[in-house]
Amino acid sequence: EESSGNIKLVVDVLSDEVLFSKLLQHIGLVMPSGTILQDLRLTSDLQGGIGLTIGAANYQAGTQAQVNLADPENGIFEKADLVSLSCSADAPDPRYPCTGIIRALFKEDNNPFLFLNKEAE
């Protein structure tokens, strides 16, 4: 029983592990021109979710980043919501005066960015 419990624990932990090397490459591919990924954080308030902070050259590029990340065709996220997007002339990097916060929920089934894929039952 103890061995079985330990194996279950290992599988549970690995099923929630994210392969960041693959994830970052794919996010880079879907980000539109005029945007950058500034920060990426796992969120404790949204299980299976991640918070992304983006920089954008303008408001349109920032909203397009959210649209691209939410697109089911890219296979990363179940959904991606734009929490905020603001532009400031006093931004640290003048090339990206807009900052956006996106909350995204990983797709659960056959997600190539999870260590163990959770296949549909």
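Here are a few things to note about the model shown:
- Single condition residue 53 does not satisfy, out of (1) touching a residue at least 60 places away in the same chain (Cβ under 8 Å); (2) assigned to a strand (DSSP E or B): (1)
- Scanning segment 56-73 for residues that are touching a residue at least 40 places away in the same chain (Cβ under 8 Å) and surrounded by fewer than 17 Cβ atoms within 10 Å (Cβ to Cβ) yields 58, 71.
- Qualifying residue in segment 17-27 (condition: at pLDDT 90 or above and part of a helix (DSSP H, G or I)): yes
- Going through (1) within 17 Å of residue 108 (Cβ to Cβ); (2) open to solvent by 50 Å² or more (accessible area, probe 1.4 Å); (3) modelled with pLDDT of 80 or more one by one, residue 50 falls short only on (2).
- Test result for residue 73, closer than 17 Å to residue 108 by Cα and outside any strand (DSSP E or B): yes
The values are calculated or read from the model by the stated rules, or taken from the named source; none is laboratory data. From a predicted model like this one, the values you see are computed outputs, not experimental measurements. In this analysis, Cβ positions are derived from the backbone assuming ideal geometry, glycine residues included, and neighbour counts consider all displayed protein chains. The area values use the complete protein model at the heavy-atom level, side chains included, leaving out ligands, DNA and RNA. Shrake-Rupley method; radii C 1.70, N 1.55, O 1.52, S 1.80 Å.
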